[in-house]
Each structure stands twice: as C-alpha cells, then as structure tokens.
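What follows is a short report on a single structure.
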Amino acid sequence: MKKMVFNEVLQGRLNKGDDIIEGLTRIITQNHIVAGVISAIGAVSKARIGYFDQEKKTYEEKEFEEPMEVLSLTGNISLKDGLPFAHLHIVLSKRDYSVIGGHLYNGTIVYALEYQIVPFYGGYFKRQLDDETGLYLWEK
Ligand code: ZN
C-alpha cells in the first residue's frame, strides 16, 4: 500500500471510431500519468472483452459485434514494462437491456465516450508477473 495524492481531474471525451484502450492510453502517456484512476460512460459500436480462467490461468476473449451502452468503465493506471498502462474493466448493456462485462481489450470501438482521469502523485506501482495467479499484478 502506498499513500498518494491527487489534485486534478482530466475530463473529456473520445472521438467516434476511437479504440477505447488506444485513446485512453494516448491521453495518459501524453500527460505523463503513471498512477491514477479512470472512469467513463458512453456507448460502443462493438466490444472485445475477456474473462480470466483461474484454473488455466489464461484469458478467454470474446467479441460482441453490436451497439451497446457503456454503463460503467472503470480502471487504474500503473506502469507495465516501464510504460503507463491502463487496466480497464467494462460493463455494457445490450438492446434487450441485458448486461455483460469483463476485462477490456483493444478492439472496443467508441460511439461516444465521456471520461474522467484522476492522476495520482507521490508514488506509483509497477506490474510484474505473479506466479500464484498468473496475472501481472502490482508489486507489494
Ligand atoms: Zn482485468
């Protein structure tokens, strides 16, 4: 656990057709943000999300080729391989109001997306492979 501070919020929106991960990663990289939180709502034209199989220790990926609402996108920012990395999860609703969600992957395309990014200062976490879980987790 580290104590960090915050004093600003970056608020904006991505463009229609942007890849969510590429767009948000570009913003945090250009602003030299190495720690913080991200949240967003909006809509996507399609999505690619994942589920981590804890037995196999691998991600399953699935594409949903349909317009959906972004009910919640939330995540954090840390360093992976020395670069700012956004770990994002998303909850989406379909036309029939059913809800799906998972770990967000590249290939999720913006229809409209309003975000807030809150940078943290005074510390950061690096991701490293955790043998017990098979995940790239924060250092302790
Ligand atoms: Zn995840």
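The values are calculated or read from the model by the stated rules, or taken from the named source; none is laboratory data. Computed from a prediction, not measured in an experiment: that's the story for all the values here. Here the Cβ positions follow ideal geometry from the backbone for every residue, glycine too, while neighbour counts run over all protein chains shown. Just so you know, the surface numbers come from the protein's heavy atoms only, side chains and all, with ligands and any DNA or RNA stripped out. Shrake-Rupley method; radii C 1.70, N 1.55, O 1.52, S 1.80 Å.
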Subset of segment 84-107, residues within 16 Å of the ligand (Cβ to nearest atom), over 25 Å from Phe125 (Cα atoms) and either open to solvent by 60 Å² or more (accessible area, probe 1.4 Å) or not aliphatic (A, V, I, L, M) (or both), comes to Gly101, Gly107
Qualifying residue in segment 42-55 (condition: small (Gly, Ala, Ser) and in a loop (DSSP other than H, G, I, E, B))
no
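Any idea which of Tyr59, Tyr111, Tyr115 is modelled with pLDDT of 95 or more, surrounded by 15 or more Cβ atoms within 10 Å (Cβ to Cβ) and under 16 Å from Tyr136 (Cβ atoms)? Walk me through how you get there before you give the answer.
Values: Tyr111 fails: under 16 Å from Tyr136 (Cβ atoms); Tyr115 fails: under 16 Å from Tyr136 (Cβ atoms).
Answer to the selection: Tyr59.
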Check segment 84-100 and report whether any residue there is in contact with a helix residue (DSSP H, G or I) (Cβ under 6 Å, 6 or more places away or on another chain) and part of a strand (DSSP E or B).
yes
Go through (1) within 16 Å of the ligand (Cβ to nearest atom); (2) closer than 16 Å to Ser39 by Cα and name the single condition Phe125 misses.
(2)
Consider segment 62-83. How many of its residues are farther than 21 Å from Gly17 by Cα, part of a strand (DSSP E or B) and more than 15 Å from the ligand (Cβ to nearest atom)?
2
Scope segment 17-57; condition of a type in the set (Ser, Thr, Tyr) and more than 13 Å from the ligand (Cβ to nearest atom); matching residues:
Thr25, Thr29, Ser39, Ser45
